[in-house]
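S.K.: Have a look at the structure that comes next, please.
The values are calculated or read from the model by the stated rules, or taken from the named source; none is laboratory data. All values derive from a computational prediction rather than experimental measurement. Quick reminder, even Gly has a Cβ in these numbers, built from the backbone with ideal geometry, and neighbours come from all protein chains shown. We work out accessible area using only protein heavy atoms, side chains counted, and drop any ligands, DNA or RNA first. Shrake-Rupley method; radii C 1.70, N 1.55, O 1.52, S 1.80 Å.
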Amino acid sequence: MFAIVKIVDPDAPPGDPYMSLSLTDIARLSKLAQLDLDDQQSADALDKLNRIFALVEQMKSINTAGVEPLSHPITAWQNDLALRLRDDQVSESNQRDAYQKPAPLTQDGLYLVPKVIE
């Protein structure tokens, strides 16, 4: 299970159009992730994460009412796409007995192993 956490930037101007992070947030996240980021790496991470948040906000603003989910992204352009799944057909003979012959213990087609959890 995942949770969406909104990090509120106290330095952000009121009415900020999308969630954004500050260098303080990057420092806190890097500490939690046990990453040692220098100033340039922190600035790069801040820029990349804020661009991701901006893109998510743009995507959230799109009206998707009445849009059917796709089974495959290409079906948006090619409606007659058939999934390339083959029929289930046996292609090899059953060699279970040969594979289990060198095993120390087997029973009813299963490998028997010592109990390790009590």
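S.K.: What pairs come up if the first residue lies in segment 91-102 and is under 21 Å from Val113 (Cα atoms), the second is open to solvent by less than 100 Å² (accessible area, probe 1.4 Å), and their beta carbons are under 7 Å apart, counting only those six or more places apart or on different chains?
M.R.: Here the result reads Arg96/Gly109; Gln100/Thr106, each pair linking segment 91-102 to a residue that is open to solvent by less than 100 Å² (accessible area, probe 1.4 Å).
S.K.: Further question: Need the failing condition index for Glu57 against (1) open to solvent by 70 Å² or more (accessible area, probe 1.4 Å); (2) at pLDDT below 90, just the number.
M.R.: Glu57 satisfies all of (1) open to solvent by 70 Å² or more (accessible area, probe 1.4 Å); (2) at pLDDT below 90 except (1).
S.K.: While we're on this one: Pick from Gln41, Gln78, Gln34: which is open to solvent by less than 100 Å² (accessible area, probe 1.4 Å) and modelled with pLDDT of 90 or more?
M.R.: Answer to the check: Gln41.
S.K.: Is it the case that Gln95 is modelled with pLDDT of 70 or more, of a type outside the set (Asp, Glu) and open to solvent by 90 Å² or more (accessible area, probe 1.4 Å)? Spell out the reasoning first.
M.R.: Details: modelled with pLDDT of 70 or more: yes; of a type outside the set (Asp, Glu): yes; open to solvent by 90 Å² or more (accessible area, probe 1.4 Å): no.
Answer is no for this residue.
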